[in-house]
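Q: Take this structure, written in structure tokens, and hold onto it; I'll ask about it next.
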Amino acid sequence: MAGARLLDLHPEGFQQTEGGLIAYTDAAGEERLRAEFRDVTAESVEPGWEERWREFHQPLWVGPVWIGPPWETPPEGTPTVSVDPGRAFGTGSHPTTRLCLELLLEIERGSLLDVGCGSGVLSIAGAKLGFAPVVAIDRDEAAVEATTRNAVANDVTVDVRHANALEAALPAADVTVANIDLASVDAVGSRLETGLLITAGYFHSRTPTLSRFSHLERRIDGGWAADRWERK
């Protein structure tokens, strides 16, 4: 639960250690953390902390898809997603991202809507796998900028939109992926016109309430869950 709360406050990402969660931030960020968490310890770090996250952004494979940072050379002959998250959430390494991509790999291709696109990993991977058209939506301007930039870098077409999915009109799609928090999944579910829905962004002890969809399967990784649903 603390990790999910920290992602909302610090979408750039954080480091998880045996001693707890570590976020590299400035004085304003520290103030936000103290307002949310009772147990916060601050320490000064050496110059260049803003780039230290790069040490933890390592390439990974999800099935046949390679995901890695732009400073790594991707392999040839396989779908690759080169992603620089910038100030948006998403290097591809989080369990919910991997679970969503695993589910996308196994379903029939069609149009794709990515709700809460972050840095665009799932949108770009979907386009690489043959989903089209692909629409990516996020209420965070940093996410819209990162997804747009990463789509261009990966030479794929993604319609990136700055909008609040809980209020704005949403396009119909054959497949929708919503890797967001549980409350937002519940809220956006009633607004979607989609045949298949993949949801994530919550712990395995929680389950979305989606009256318009039938549950097909659940996958769990590291305590996080992803679910696949079908429109009733």
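We did not get these values from a lab; they are worked out from the coordinates using the rules stated. Keep in mind the model is a prediction, meaning the values are calculated, not measured. Heads up, the Cβs are rebuilt from the backbone with ideal geometry, glycines too, and the neighbour counts pull from every protein chain shown.
Q: Can you list the GluC sites (Glu not before Pro) in segment 80-184 that are in a DSSP coil and have 12 or fewer other beta carbons within 10 angstrom?
A: E106, E108, E167
Q: Which value in Å does the Kirkwood hydrodynamic radius of segment 110-232 take, with 1/r averaged over all unlike C-alpha pairs and then inverted?
A: 14.3
Q: Just order 69-75, 219-225 by mean Cβ neighbour count inside 10 Å, highest at the front, would you? Present the calculation step by step, with values, prior to reporting the outcome.
A: Details: 69-75: 12.7, 219-225: 16.3.
In decreasing order of mean packing, 69-75, 219-225 become 219-225, 69-75.
Q: Would you mind computing, in nm to one decimal, how far apart the modelled labels at A187 and R206 are, each placed 7 Å from Cα along Cα→Cβ?
A: The two pseudo-label positions are separated by 1.3 nm.
Q: I'd like the Karplus ³J(HN,Hα) series for segment 106-123: coefficients 6.51, -1.76, 1.60, θ = phi - 60°, whole numbers in Hz, and an x wherever there's a Gly or Pro.
A: Each residue's phi maps through the Karplus curve to give 9, 10, 5, 6, x, 6, 9, 10, 10, 8, x, 6, x, 7, x, 4, 6, 4 Hz.
Q: Next question, about the same structure. If each residue's Cβ is checked for other Cβ atoms within 10 Å, how do T147, T194, T207, T157 rank with the fewest at the top? Write down the numbers at each step before the final one.
A: Working: T147 31, T194 26, T207 15, T157 10.
Fewest to most other Cβ atoms nearby, the residues stand as T157, T207, T194, T147.
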